[in-house]
Structures are given as C-alpha cells and as structure tokens.
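Here's the structure, in structure tokens; my notes come after.
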Amino acid sequence: MAFVDHGVAEELNVVNLGSLALLRPLIDKLDIAAIIDRHIPTDAEYSHGTVLSVLLAARLHSPTALVNVADWAREHGVEYLWKIPPDKLNDDRLGRALDAFFEQRHSILADVTHEVLRYTGLSLRSAHFDPTHLILYGVYEDSQPRPQSSLDRFIDDLRHSPAHICRGYLTRYKMLQLGLTSVVDDLGSVPIACHLFDGNRNGHTGIKEQYHLMRQFLDLPEEFLLVSDRGTCSAEHLARLLRHNHYAICAGQWQDYDTLFDRHAGRLVWNNASYLSREQLRRRTTSSSLPLEEYRLAVVAHQLMDPTTKSPFDCRVIFVHSSADEKECRQRREKNIAVIKAGLDKIAKKLEHAHPTTTPESVARQIARLLGKKAAANHFRWQLVPLTKAEVAALPPPHKGFRRQTHRLEYSFDEASAQAESHHDGIFALVTTAPLTLSGDALFTEYKRQTYVERGHHELKTPLAVTPIFLKTPERVEALVSLLFVALQAYLTLERRYRQSLTPNARPLEQRMTAEKILRKFRVCCVTVQQRAYGELISATQLSSEQRRILQQLALPTPAKLLTKTHDPPPIR
C-alpha cells in the first residue's frame, strides 16, 4: 500500500511483516544465525546464517518453494528485519547455503538444541524417539545407499553421504525415513534431535544411528531413558543402551512375549495405572455417562540375551491391559468371524450353482482373499471335497449355461481357539531396562507421552510443509529437511514458552494455546516506509494489546527495537 504526499514529494508504503514480527526475535533468541555462521563461515556478501535464517523464517511464516523466496521476502519486508535485499535471496544463493549446511548439519543441530534446552529450561533425563517417512518426487539417479560402516566411521561418513532416496518396502514411492527425538512432559514436546536414513530402512536402523549421534553431540547424562514404539524394540537395542549406562522402554512385539504372558498369567498381580487420558479425566470430573476406561499393569522380571556379547541381561516386561482395547478386540473379532462365515457360505452356494468360471482354483483364491490377514482366520478350517459319482448323479439337471457341481466346501469354526485368543484381548507388552527405582506405573505414564512426538510429525508435514521437496541433489534434500527440523524446534519452543509463562489458574483455552494460534495473532503487524531524500525512514505501527502481551510473556523485543530507523536507498542502475 502506498500514499503520496505531493506537498513534500514523499511516498509512504505500508508493509505487513505479519508473524515475522514474532519469528525474527525468536530466531535471534535461539541464536540460530550466529550458530550457523560459527560452523560454516564465509567471505560471501551475506553470511550463510543470515540466508538460512531467512529461509527458516519463510517456512514458518508461509511455506514456499526456494524459487519464490525472493518474492515472498519483497512482500513481507524481510530487508528491514535482516538487512538483505530480496533480490539477493535467489535460489542459487539458497542452494549454496544448503550445500554448506549439509556438511556441518549435525554439529549445528546440536548447538541449536543446547540453546533450545536453555531457553525452555528442559533437561535430557529422558526422550522419545519415533520414525516417520517423507515421500519425495523426482529421479535422484545419483542417490546411493549409505556405506555400511562401523560406528567409529559413522560420523565421518555422514558428512559426505546423504540418506538414500529410494523406494520403500511395499510402496512405489521414493522416500526417506526421518527419526525424530523429543523431550516430552505435560506441556508437550520439544524436538532435540533428528536423523534421516535410507528410505528402505526400518526403525531398528533409525534408532541405532540416532542414539549414536545423540551420544556424540548431546552429551547424554547417565541413566538417560529413551522411549520408543514396537518398531524399534529388540534385545540388541536394549542391550546397546545398557552398555552405556542408559535405559530404554519400548513396546514389544506381542508374538515375542505372548508365551511369557501365558506362563505367568495365573499368578500375575494386576494394579490400576494412575495414567488417564484427558478425556477420561474429564468424564470422571463431570460424572459423565460415557464409558469410564482404565489401564491395569502387571510386571514380570525377565532376561534377554545381548546378541553382541552373548551374555544375558535383566529387564522387566510390563503387561498392560486396556479396557478400551479389550472391547475393541472383542468387537473386531466378532465382526470378522461373522464376515468370514457369511463369505464362506456365499462361496459354498457358488459351488452349488456350478457356473463354468467357478473352479476349485478360483474358489481357493476367493477364500484366501476373504481370510486375508485377519486374526479370526486362524479359527477356521476349510477344505474342498470332490463329489462322488453317486452324489453327482443325484443332483438335478443344471440350468442352461451351467454345469453339474463337482466340489462342495466344508468348513468348521474352532470356538475353543477363539476363546483362548480372547484371553489376550486388550493386552500389550512394554519392555524396559530402567532401574527398579522407576516403577512400572511411572514408566507406563512416560510411555503414553509418545503421542506428543507423533504430533511433531504432523506439524512438520502440515504447517511447515516438509514435502513436497523439489531439489537437485540428495545433499540439498537432507540439508533442507535438517533446516526444517530447526524450524520445528522453533515452532514448538514458541508454544512451550507461551504455556510456561501462564499462571496455574489460566483458562484451559490459554493452557492449550498452540504455536499456530500464536502466530495467527500476528497476521497483521505492519511497518511504514517513507521515501526520503537520504533514504528510507522505517517505523513500526502500534501493536495490538494482545500482540504486546504475547511478546512480553515470551520475553521477546517488539519489532520497533529490531528495525533500522533508516535504510539506504537502492543503488541507481
């Protein structure tokens, strides 16, 4: 918006900084640009720290492709906050900065994490790991699998080996796997580490490499506890942490622990868990008529074998019974049993009608599709029985276009087997090497915070729009994803600091304030730019009372303290 005062021959422009009025001081607070410049200094006109912090702000403000960053910067007054002309933010400059960022990405991420922990007051006593996948588009023919080197050479190899962009298991898409590790408490999660690994690898590889990186760069304290889901659980993982005086708790594969459960089922001591979801707490406090669900826990001492040292080590298996899961398992089994019975009856009638296309082979395929991978299929036995000559002769003549029936379908349902399976309804196993000073109840409560990490995946893929990615090289892809991890750190740090600033009696709506809502409060935040003979005179407009309150709660400066009062005019071309 521009106004011209012909009396003084001056032009007045109004530029909407939007949420940059909040993001710029937050990025400064986390010292992101200075950390990047410390690790990748340059003699270029504009430092990599400045360029990449603008790119990070662009993603937090309104995700856009690299080729559009210059236009975005021109529209939102980036030159007044970062002192870099929009024309300098071309995709070549951004690409060169990402190339430099790639080689030092893990060191940079570690230093930013230390700033995040300092700013939020969090400690590294425990953390949660959870992998996700990122789908990419493009050929990436030069992408190669990472070398399978020893852990001694792993860090050095990472400096030059980006994760392999390839087709994942059972999918036609090219992808990467991203492991995200976060510190979690009742206020939510704050990411502290990330690691990209090959698209066709699983969680076992991800957590092994992520843990090694965390040990190298984050100086994990003794008795550190790492929480993860069943895709990462193995004796190797549990023993690996234990060798470094660290502990793990993860969900075990049920087929690995169902025998242990059956062996101890008659003498398990069940206790109610103290953990309740917010919804269940609400139902109890409001005397709701909705079902009151609960968890029960039973702990069993156990031993596993370290596959590396071939020696046993102690652990605990926490069997968890969920009343809600039990109900769901029962309903799912009953539904699947009914579906299978109805399907088998339908197939039996098709055999009786004896259409020419209905053969024993086609029927077997239909039954296989019907049973699929349903657990209820284990309770059925079936066979195709050829009819005797006497049975065929006794059949009525077939209709026109049909033939005489040659087979019949016989099946049976094992009620005892289904009843035995029901004893496992709603039960899953957690495996931990944590010391006995941490009770099963406390460990279960910590495990249930795993959902906060999954929310981090959602924020990375939705507001921060990590995909789709269109870049020339796998190195730049990994550098951009790593930079977007820093954006996620800033995003969730903003949310946490706001919640930390609230008083205990704050309204529930305030206590659940998200970063997205906070940034939305700064949707309109403008500066005025007056063209003068000596340059541009820049001044911030008045903040709303809510915007000022938010900045005060976060201990961040107002835009007026960040802006240069005058700005040199553009050179005459």
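The values are calculated or read from the model by the stated rules, or taken from the named source; none is laboratory data. No experiment lies behind these values; they were computed from the predicted model shown. Cβ coordinates were reconstructed from backbone atoms using ideal geometry, including for glycine residues, and neighbour counts include every protein chain displayed. In case anyone asks, the SASA skips ligands and DNA or RNA and just uses the protein heavy atoms, side chains included. Shrake-Rupley method; radii C 1.70, N 1.55, O 1.52, S 1.80 Å.
Would you work out which of LEU94, ALA33, SER62 lies farthest towards the positive end of the dipole of the chain, given +1 charges on the beta-carbon of Lys and Arg and -1 on that of Asp and Glu, about the Cα centre? Looking along the dipole axis, the top candidate is SER62.
Surface composition of region 223-368: carbon plus sulfur atoms hold 50% of the accessible area, using a 1.4 angstrom probe and ignoring ligands, DNA and RNA.
Please compute the volume of the convex hull spanned by the alpha-carbon atoms of region 91-191 and report it per residue in Å³.
On the way: hull volume 17.1 nm³, N = 101.
Expressed per residue, the convex hull around the Cα atoms of region 91-191 is 169 Å³.
Within region 245-266, whose backbone N sits under 11 Å from a point 7 Å along Cα→Cβ of MET305? From region 245-266, the list is empty. At an R0 of 56 angstrom, the distance between the Cβ atoms of THR503 and ARG381 translates into a FRET efficiency of 0.30. Our summary gives region 146-201 a relative contact order of 34 percent, counting only alpha carbon pairs under 8 angstrom and 6 or more residues apart. On full extension, the segment bounded by LEU436 and ARG263 gains 60.0 nm, given 0.36 nm per residue less the C-alpha separation. Entry note, region 433-517: relative contact order of 22 percent, from Cα contacts under 8 Å with a spacing of 6+ residues.
Label positions at ARG278 and HIS399, each projected 7 Å from the Cα along the C-beta direction, are separated by 5.9 nm.
Its Cα gyration tensor gives region 345-494 an equivalent ellipsoid, and the semi-axes of that ellipsoid, as √(5λ) in whole Å with the largest first, are 57, 28, 11. Label separation (THR406 vs SER123): 7.6 nm, computed from points 7 Å beyond Cα along the C-beta direction.
Principal-axis analysis of the Cα atoms of the chain puts helix 48-61 at an angle of about 60° to the longest axis.
Can you give the FRET efficiency to the nearest 0.05 for ALA65 and ARG153, using r as the Cβ-Cβ distance and R₀ = 41 Å? Please list the in-between numbers first.
Details: r = 36 Å, r/R0 = 0.87.
That pair, ALA65 with ARG153, gives E of 0.70.
For the chain, CYS166, CYS194, CYS315, CYS329, CYS525, CYS526 stand unpaired, since no other cysteine beta carbon lies under 4.7 Å from theirs. Share of carbon and sulfur in the accessible area of region 379-443 stands at 61%, probe radius 1.4 Å. Accessible surface for the chain, divided over its residues, is 50 Å² per residue with a 1.4 Å probe. With everything on Cα atoms, drop me the angle between helix 203-217 and the longest principal axis of the chain, reported from 0 to 90° to the nearest 10. Orientation of helix 203-217: about 30 degrees from the principal axis. Give, to the nearest whole percent, the P(r) tail of region 387-444 beyond 16 angstrom, counting all Cα pairs. Tail fraction, whole percent: 72. Sorted into 5 angstrom bins from 0, the C-alpha pair distances of region 23-179 split as 1, 7, 13, 16, 18, 18, 14, 8, 3, 0 percent. Once region 406-483 is represented by equal point scatterers at the alpha-carbon sites, with solvent omitted, what log10 I(q)/I(0) does the Debye formula produce at q = 0.22 Å⁻¹? Log10 of I(q)/I(0), two decimals: -1.05.
Ordering TYR137, TYR173 by accessible surface, largest first, gives TYR137, TYR173; the 1.4 Å probe counts only protein heavy atoms, with every chain in place.
May I ask you to rank MET175, MET305 by accessible area, largest first, using a 1.4 Å probe over the protein chains only?
Numbers: MET175 15, MET305 105 Å².
The ordering from most to least exposed comes out as MET305, MET175.
Region 266-338: which trypsin sites (Lys or Arg not before Pro) are DSSP loop and have at most 10 other beta-carbon atoms within 10 angstrom? Can you show the working numbers first?
Details: sites: ARG267, ARG278, ARG282, ARG283, ARG284, ARG296, LYS310, ARG316, LYS327, ARG330, ARG332, ARG333, LYS335; in loops: LYS310.
Here the sparse-neighbourhood loop sites are LYS310.
Short to long, the 20 Å bins of the Cα pair-distance histogram for the chain hold 17, 40, 28, 12, 3, 0 percent of all pairs. Lysines near LYS517 by alpha-carbon distance under 22 Å, same-chain residues fewer than 8 away left out - which ones? Once the sequence-local lysines are set aside, what remains near LYS517 is LYS29, LYS461.
Normalising the average separation of contacting C-alpha pairs (under 8 angstrom, six or more residues apart) by the number of residues puts the relative contact order of the chain at 20 percent.
Take the alpha-carbon centre of region 307-372, take the same for region 435-471, and report the distance between them in whole Å. With region 307-372 and region 435-471 each reduced to a Cα centre, they are spaced 31 Å.
By the compact-protein rule of thumb, 2.2 N^0.38 Å, the alpha-carbon radius of gyration of region 49-104 corresponds to a ratio of 1.03.
Highest average first, the peptides 89-102, 155-168 ordered by how many other beta carbon atoms sit within 10 Å of their residues are 89-102, 155-168.
As a calculated quantity, the FRET efficiency between GLU391 and GLN419 at R0 = 45 Å, using C-beta atoms, amounts to about 0.80.
Using helices alone, I'd like the mean residue ellipticity at 222 nm for the chain: each DSSP H run of four-plus residues gives -39500 (n - 2.57), total over residue count, nearest 500.
Details: 22 runs with 245 residues, N = 573.
Using -39500 (n - 2.57) per qualifying helix, the result is -13000 deg cm²/dmol.
Show PHE444, PHE402 ordered by accessible area, largest first, where the area counts protein heavy atoms only and the probe is 1.4 Å. Can you show the working numbers first?
Values: PHE444 0, PHE402 85 Å².
Greatest to least solvent exposure: PHE402, PHE444.
The convex hull around the C-alpha trace of region 266-368, projected and averaged over every direction, spans 13.9 square nanometres.
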